[in-house]
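One structure below.
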Amino acid sequence: MIYFSNVSKQYGTQILFVETGFQLNPGEKVGLVGPNGAGKTTVFRMITGEESPDEGDVTVPKRISIGYYRQDIGEMSGRSVLDEAIAGSGNLGDLHHELKDLEHALADPERADEMEAILDRFGHVQDEYMRHGGYDLESRAKEILHGLGFEDEQIEGDVGALSGGWKMRVGLARILLGRPDVLLMDEPTNHLDIESILWLEKFIQSYAGAVLMTCHDKDFMNRIVDRILEIDTGEFTSYSGDYDFYVRERAIAEANREAAYARQQAMLAKERRFIERFAAHAAKAAQVQSRVKKLDKIEAVELPRHRHVVEFRFRQPPRSGEDVAELQGIRKGYGEKVIYDGFDFRIRRTERWCVMGRNGAGKSTLLKMVAGAAKPDSGTVKLGASMRMGYFAQQSLELLDPSRTVFEQLQHDFPLEGQGVIKNLLGAFHFSGTDVDKPIRVLSGGEKSRLVLAGILFDPPNFLVLDEPTNHLDLETKEMLVGALENFEGTMLFVSHDRMFLRGLANRVLELRPGDGEHPAQPPFEYLGSYAEYVERTGSEASGVHQ
């Protein structure tokens with residue numbers, strides 16, 4: 001279907017691809033992986049024709065349709081959420097809106113003299129619209145928007161009033177609605193909650209078209225892809241299997257390559273010793289020349305590149321009292337919508353509560369009330385003795401000073417620490433080399449999250465309140481974060497859509513169960529076990545979503 005043949009590409013001195021290639025076949029689900037800057041986005045842009053290779057060919061048949069979901073979705077305003085999703089869904093969306101315009105034209109008395117031409121065009125558009133299933137377009141659009149977490153009032157509301165994250169969901173909806181032959185997806189789970197991620201998994205599993213995607217959610221990749229395409233050192237390497245299979249096979253390949261490198265180095269050292277020893281012996285001259293020629297022809301085995309991991313020993317927090325936080329008789333609402341009514345909840349030392357619940361259930365509201373960032377309408381929130389809290393939310397990123405560099409920010413926060421300690425801390429959060437001198441104003445969302453988390457965990461509090469700490473983080477950073485927090489001796493209350501994070505850390509589950517149009521509200525469910533045990537017992541990875 002899509003072929004990359006002997007492709008080379010570079011930007012200035014940065015070489016991305018060197019005479020390499022791959023193909024994407026109909027119906028395949030492929031995960032695209034590689035370190036930052038390896039060229040994953042460039043692959044997408046070459047497929048869509050936005051960029052061309054320096055050498056080689058990228059072949060994309062003209063008859064196939066391509067939908068590209070990217071992190072930069074552009075401006076959205078002036079339409080309802082439903083109309084915006086339909087408008088960007090490709091040819092069928094264009095026909096939908098042209099039909100509406102033609103209907104208005106037919107009812108316009110000032111265009112009576114154009115009526116014959118309008119009627120003719122209306123007939124052609126309507127026929128094509130019907131042949132492509134256009135009359136169920138609105139119902140399919142609503143189904144997709146509901147799956148991505150939108151309520152009915154949001155669907156009919158102004159798309160311009162949405163936050164950036166919700167606009168990203170609209171952008172995803174219009175790509176899925178278009179049902180292209182090929183889906184290109186750049187981090188589709190970044191702005192989704194776990195309920196929407198689970199819905200998207202099922203949607204793509206049953207999707208008939210081909211999919212090529214990047215994703216930092218290992219569970220999502222494992223359930224969807226049947227092949228991994230890796231970009232490393234300018235080449236594409238294909239692994240037939242899911243992400244876990246790729247990790248295992250890559251480790252085996254690296255071990256074999258390291259062994260081959262060691263064998264070759266031993267052989268080269270032996271040959272060089274012979275050449276040095278007998279270079280001046282006339283009787284051995286022919287053998288020496290033969291071995292010199294042999295060495296010149298040998299293709300050197302190169303060691304595999306490993307991502308440099310900086311070890312950093314995180315400090316343990318001071319011990320808190322046994323009762324960390326207690327909420328009694330909490331009532332909280334926004335306008336007519338009541339989120340909590342008579343809610344009681346207690347958190348004890350060393351407990352790690354993950355808070356589950358569909359969008360709008362009140363997860364972030366609970367964390368804000370515990371952290372003191374929001375007050376209940378009635379009831380009390382009481383924190384225990386000897387308490388030091390660290391609160392991470394997406395708003396925390398706004399507290400960084402854009403005029404400082406990464407290093408200057410932590411130096412300002414910890415003025416008594418040496419430069420070496422701060423650089424080691426930044427290295428543990430994958431700021432290496434010149435990254436530490438980056439101005440904060442140019443950092444991505446993921447980089448800002450890493451910087452804020454580094455500041456929180458360097459001198460850790462004994463109570464961590466974390467609202468979606470893994471948003472925008474890559475897999476290596478998430479694994480590092482889980483590893484750092486596994487041995488954390490304090491208490492945690494957190495919301496996360498990342499199942500690796502949930503499995504690795506939660507030893508308690510609070511499931512919020514508000515009502516909806518079909519089901520009445522139920523009291524919150526407290527499960528006094530790990531997230532993995534909760535999933536096994538309930539058969540549900542998220543509130544109301546069964547496996």
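The values are calculated or read from the model by the stated rules, or taken from the named source; none is laboratory data. Nothing here was measured: the structure is a model prediction, and the numbers come from that model. Cβ placement follows ideal geometry from the backbone for every residue including glycine, while neighbour counts extend to all protein chains displayed.
For the stretch 386-397, a residue qualifies if it is part of a helix (DSSP H, G or I) and either surrounded by fewer than 16 Cβ atoms within 10 Å (Cβ to Cβ) or at pLDDT 90 or above (or both), and exactly one does: GLN395. Pairs meeting the criteria (first residue in the stretch 172-189 and under 15 Å from LYS29 (Cα atoms), second residue basic (Lys, Arg) and part of a loop (DSSP other than H, G, I, E, B), beta carbons under 6 Å, at least 6 apart or on different chains) are ASP186/ARG70.
Please tell me if GLY483 is of a type outside the set (Lys, Arg), part of a helix (DSSP H, G or I) and either touching a Leu at 6+ places or on another chain (Cβ under 6 Å) or under 25 Å from GLY362 (Cα atoms) (or both).
Against the criterion (of a type outside the set (Lys, Arg), part of a helix (DSSP H, G or I) and either touching a Leu at 6+ places or on another chain (Cβ under 6 Å) or under 25 Å from GLY362 (Cα atoms) (or both)), GLY483 does not qualify.
The residue of the stretch 440-451 that is nearest to GLY372 (Cα to Cα), among those that are over 18 Å from the mean Cα position of the chain (by Cα) and of a type in the set (A, V, I, L, M, F, W, C), is ILE440. All conditions but one from (1) at pLDDT 90 or above; (2) outside any loop (DSSP other than H, G, I, E, B); (3) in the same structural domain as ASP83 (by TED's automatic domain parsing); (4) touching a helix residue (DSSP H, G or I) at 6+ places or on another chain (Cβ under 7 Å) apply to LEU137; the one that does not is (1). Taking the stated definitions as given, is VAL381 touching a residue at least 40 places away in the same chain (Cβ under 8 Å) and either on the phi > 0 side of the Ramachandran plot or outside any loop (DSSP other than H, G, I, E, B) (or both)? Judged against the criteria, VAL381 is a match. Restricting attention to the stretch 420-439 and to residues that are on the phi < 0 side of the Ramachandran plot and without any contact (Cβ under 8 Å) to a residue 24 or more places away in the chain, the residue that is nearest to the chain's Cα centre (by Cα) turns out to be THR434. Residues of the stretch 414-462 that are among the polar types (S, T, N, Q) and either part of a helix (DSSP H, G or I) or under 30 Å from GLY321 (Cα atoms) (or both): GLN419, ASN424, THR434, SER449, ASN462. For the stretch 141-179, taking the residues that are aliphatic (A, V, I, L, M) and outside any helix (DSSP H, G or I), the one that is surrounded by the fewest Cβ atoms within 10 Å (Cβ to Cβ) is identified as LEU162. Take the residues in the stretch 333-372 that are small (Gly, Ala, Ser) and more than 27 Å from the chain's Cα centre (by Cα), then tell me which one is surrounded by the fewest Cβ atoms within 10 Å (Cβ to Cβ). So the residue we want is GLY335. For the stretch 257-285, a residue qualifies if it is among the aliphatic types (A, V, I, L, M) and at pLDDT 85 or above, and the qualifying residues are ALA259, ALA260, ALA262, ALA266, MET267, LEU268, ALA269, ILE275. Restricting attention to the stretch 53-112, the residues being in a helix (DSSP H, G or I) and out of contact with any strand residue (DSSP E or B) (no Cβ under 9 Å at 6 or more places or on another chain) number 26. A search for C-beta distances below 9 Å between a residue of the stretch 472-496 that is within 13 Å of ARG315 (Cα to Cα) and modelled with pLDDT of 85 or more and any residue that is of a type in the set (Val, Ile, Thr) and in a loop (DSSP other than H, G, I, E, B), counting only pairs 6+ apart in sequence or on different chains, returns GLU489/THR350; GLY490/THR350. Per the listing LEU383, LEU400, the residue uniquely within 23 Å of the chain's Cα centre (by Cα) and either exposed (fewer than 14 other Cβ atoms within 10 Å of the Cβ) or in the same structural domain as GLY446 (by TED's automatic domain parsing) (or both) is LEU400.
Go through the stretch 279-294 and count every residue that is more than 60 Å from the chain's Cα centre (by Cα) and surrounded by 12 or more Cβ atoms within 10 Å (Cβ to Cβ).
2
Do you know which residues across the stretch 1-44 are in contact with a Leu (Cβ under 7 Å, 6 or more places away or on another chain), part of a strand (DSSP E or B) and either over 17 Å from TYR69 (Cα atoms) or of a type in the set (D, E, K, R) (or both)? Result: ILE2, LYS9, GLN10, PHE22, LEU24. All of ILE228, ILE330 fail the test of being in contact with a Pro (Cβ under 7 Å, 6 or more places away or on another chain), part of a strand (DSSP E or B) and β-branched (Val, Ile, Thr), apart from ILE330.
Taking ASP341 as the residue in question, decide whether it is part of a loop (DSSP other than H, G, I, E, B) and farther than 23 Å from LEU528 by Cβ.
No.
Got a sec? Which of LEU24, LEU16, LEU32 is more than 30 Å from GLY147 (Cβ to Cβ), among the hydrophobic types (A, V, I, L, M, F, W, C) and buried (at least 19 other Cβ atoms within 10 Å of the Cβ)?
LEU16
Pairs meeting the criteria (first residue in the stretch 88-115 and surrounded by 14 or more Cβ atoms within 10 Å (Cβ to Cβ), second residue of a type in the set (D, E, K, R), beta carbons under 7 Å, at least 6 apart or on different chains) are GLY88/ARG174; SER89/ARG174; LEU95/GLU128; LEU102/ARG121; ALA105/ARG111. Total residues in the stretch 231-260 satisfying the condition of being assigned to a strand (DSSP E or B), surrounded by fewer than 18 Cβ atoms within 10 Å (Cβ to Cβ), of a type outside the set (Ser, Thr, Tyr) and touching a strand residue (DSSP E or B) at 6+ places or on another chain (Cβ under 6 Å): the figure is 1.
If you check LEU148, LEU198, LEU162 for being among the hydrophobic types (A, V, I, L, M, F, W, C) and modelled with pLDDT under 90, only one passes: LEU162.
Checked against (1) in contact (Cβ under 8 Å) with a residue 40 or more places away in the chain; (2) among the charged types (D, E, K, R); (3) surrounded by 15 or more Cβ atoms within 10 Å (Cβ to Cβ), ARG305 passes all but condition (3). The set of residues from the stretch 199-214 being within 14 Å of the chain's Cα centre (by Cα) and either surrounded by fewer than 22 Cβ atoms within 10 Å (Cβ to Cβ) or part of a helix (DSSP H, G or I) (or both) comprises LEU200, GLU201, THR214.
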